[in-house]
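Below is one structure, written out as structure tokens, with a few remarks after it.
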Amino acid sequence: MDFKETLSNIGDSLSEAAKNVGAKAVETKDIVVLKNKKATEERNIKSLYQEIGKLYYDKYGNDEAAEWTSQMRRINSSKNKIAELDEEIKKVKSQD
């Protein structure tokens, strides 16, 4: 194999490697785009689950006979704590 042929083989190898890298970059970009679309749909589902939960809570939150009363009691407890914390924040702000 002479020098010219060796350079030609190296050039061919580099050209093939560049094509492979380019194809892999396109594939990676396509995968990222699809994963982002998937994540968007998963966020949509999570948001809808939250909306359904809030609607259920708004409708049955004070019904002791409803399903998930334990979770609803914890929500009520957290809401009461939030109200107490809001009052404490108001007191601290009024001291300034």
Inset, instruction - Pull up the range 65-96, narrow it to residues that are of a type in the set (Val, Ile, Thr) and closer than 20 Å to Gly53 by Cα, then point me to the one that is nearest to the chain's Cα centre (by Cα). - result: Ile75
Legend entry - Residue list for the range 45-62, restricted to those being in a helix (DSSP H, G or I) and within 14 Å of Ile75 (Cβ to Cβ): Gln50, Gly53, Lys54, Leu55, Tyr56, Tyr57, Asp58, Lys59, Tyr60
Legend entry - Counted residues, the range 53-81 - those being modelled with pLDDT of 85 or more and exposed (fewer than 10 other Cβ atoms within 10 Å of the Cβ): 2
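The values are calculated or read from the model by the stated rules, or taken from the named source; none is laboratory data. Note that the structure is predicted; figures quoted are calculated from it, not measured. So basically every Cβ, Gly included, is an ideal-geometry build from the backbone, and we count neighbours across all protein chains shown.
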